[in-house]
1. Under 18 Å between alpha carbons, and skipping anything fewer than 8 positions from LYS101 in its own chain: which lysines qualify?
2. If you look at just the Cα atoms of the range 2-74, how large are its Rg and its Dmax in Å?
3. Could you tell me which residue out of PHE81, SER97, HIS57 lies farthest along the dipole of the range 36-100 toward its positive end? Charges go on the beta carbon: Lys and Arg +1, Asp and Glu -1, centred on the Cα centre.
Amino acid sequence: KHYKIFCHYLEKEIIVRGTYELLYAIYLNENNILWDRPVLNYTRDDGSHHRYFNDFHLIESDEFIEIKGRYQDDDKLKMKFVMLSNPDKDIKLLFRSDLDKLLNIKLYSPEAKRLAQLHLYGDKPFS
């Protein structure tokens, strides 16, 4: 599912993919942490060039955050190439357990669902 949330740094609505990203964006906004969604370039081992659409770039700390609900083999391989191609970038992966601790809420709880619904533009996700 895709959701819209206001990004203060870009001063416009941004589309986030999934509830984990939505809840993280809400956390960033509520804590006045400026963020955007940049694109990084990377090269695979066959020499092909690709674009990586990063989940969050934290402006002040210059960290690149990737939210992972599932971390399958193709994701691991892509992230390997992204990191090798961008050694100057501080790229961090956050998993469900990391978000549970950071947000102090279980992501599949009724509280998380209510929090997400309160911050959505409209009551329903759009595609």
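Since every read-out is calculated from the coordinates, none of them should be taken as a lab result. Just so it is clear, the structure is predicted and the values come from calculations on it, not from any experiment. Every residue, glycine among them, receives a Cβ derived from its backbone with ideal geometry; neighbour counts consider all protein chains shown.
1. LYS68, LYS92, LYS113
2. 13.5, 42
3. Ranked along the dipole, the leading option is PHE81.
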